[in-house]
Structures are given as structure tokens and as C-alpha cells.
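First comes the structure, then the notes that go with it.
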Amino acid sequence: EVARIEDVRGSKRDYIIERAKKLMGEIQGKTDSREISKVIKDASRTTSVQEYGKEKLAAGDLSGKELIVVEGRADVMNLLKAGVDNVIAMNGTKLPDSVKTLSQEKDIILFVDGDRGGKLIIQNVLDNAKVKYIAFAPDGKEVEELSGKEVLMNLRKKVSVEEFLEKSKSRRGYSRNDRSNSSEE
């Protein structure tokens, strides 16, 4: 016989809030509660970094259907700070076997820097893994430099692999036509 079912998360949360109020009241000197709150939130998000696979890749929560693949650990930390936790690092430009395996079971979003290296990484990853979308940092910026708002904005601007390949072919085509026209003139 079940006498009572209770969700204790609410009471634990209330206890934590009351304890935080008490601690804030005891702090000596000038404090900005928003700044302290931000530091605590950032610290709690970045402690959720885990290692994945034999390569010990920095990663967040990998349980969802979608997974964002970035270049390095600093990119993972920045995305976690922005509240995006379904992220894993490649630890460089070469695609690790662990990410190749994950690409077979999850929808991969490749999020790269807005530089030449980012474009090279795209080619390497597309040749070796199943990618659904590609997102870019703005030209000349790296993923680790983006603010939380910029991270979310650029992830919303993701394009399908087909769309990316179509755009890159058309760009090459324009440059060839421009060259041939200028030499004929």
C-alpha cells in the first residue's frame, strides 16, 4: 500500500534558495548578486563536462537525438556556458572514431569556426561521417569567442549539408566564370 508520493525536488530547491539567501547576507563588503549568480551558474554548467570514448573527448550530455560537434574543448565549454549541452569536441581537425560512430546513431550538427580551417574541417568530416547540418561562426571568429546570444543565433542559421554543397559549388562556378570572362575581354 502506497501511503504518499512526494516530489522532494521542490523542497530541496527551497532549502538551497534559503541557504543561498543566508550566505549572501553574511558576505562582507560590496557584492553584486547578479554577478555572483552568473558565476555560480557558469560553474555548475561547466562542471558537467565529461570525457567520451577512447580519445577522451570533452563532451556535454550525449543522451539526446541531436549532437553538436565542435573543434575543441574551449568550444564545448563556451556552448555549455550558453546553455547548449548536447555537444562534443573533435580535439583538432581530424575526426575521431568515437564521433564517426556517434554520427551513425545521432543527427550531427557540425559547428565550425568562420575561418579557412573551419572549411577544411567540414570537408574532412563530410568525407568520414554522416552529418545532417552545418553551422558557422561569423567570418574571422571562432566558436569559443562567441557570446551566448551569438552561439544560439548561429546555431539557428544552420544549413543542411546539401544546401552547403550547393552553395559552395555555385561560388566556385561564379569564380571560374568571372576569370574566363575577364581573359576573353
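The values are calculated or read from the model by the stated rules, or taken from the named source; none is laboratory data. The model shown is predicted, which means the values in this text are computed figures rather than measured ones. Note that each Cβ is placed from the backbone with ideal geometry, even for glycine, and that neighbours are counted across all protein chains shown. Accessible surface areas use protein heavy atoms only, side chains included; no ligands, DNA or RNA. Shrake-Rupley method; radii C 1.70, N 1.55, O 1.52, S 1.80 Å.
Looking only at segment 90-116, how many residues end up being under 16 Å from Leu57 (Cβ atoms) and in a loop (DSSP other than H, G, I, E, B)?
Number of matching residues: 8.
Among the hydrophobic types (A, V, I, L, M, F, W, C), under 24 Å from Gly53 (Cβ atoms) and open to solvent by 30 Å² or more (accessible area, probe 1.4 Å): which single residue out of Met90, Met77 fits that description?
Working: Met90 fails: open to solvent by 30 Å² or more (accessible area, probe 1.4 Å).
Exactly one residue qualifies, and that residue is Met77.
Which residues, counting only those in segment 130-166, are assigned to a helix (DSSP H, G or I), within 15 Å of the chain's Cα centre (by Cα) and under 16 Å from Asp107 (Cβ atoms)?
Restricting attention to segment 130-166, the residues satisfying the condition of being assigned to a helix (DSSP H, G or I) are 143-145, 148-156, 161-166.
If we keep only those that are within 15 Å of the chain's Cα centre (by Cα) as well, we get 143-145, 148-156.
Leu155, Arg156, listed by residue number.
Determine, yes or no, whether Asp107 is under 15 Å from the mean Cα position of the chain (by Cα), buried (at least 17 other Cβ atoms within 10 Å of the Cβ) and among the charged types (D, E, K, R). Don't jump to the end; show me each part of the working.
On the way: under 15 Å from the mean Cα position of the chain (by Cα): yes; buried (at least 17 other Cβ atoms within 10 Å of the Cβ): no; among the charged types (D, E, K, R): yes.
Answer is no for this residue.
Read through the list (1) surrounded by fewer than 10 Cβ atoms within 10 Å (Cβ to Cβ); (2) closer than 30 Å to Asp75 by Cα; (3) among the basic types (Lys, Arg); (4) modelled with pLDDT under 80, then give the number of the only condition that Lys30 fails.
(2)
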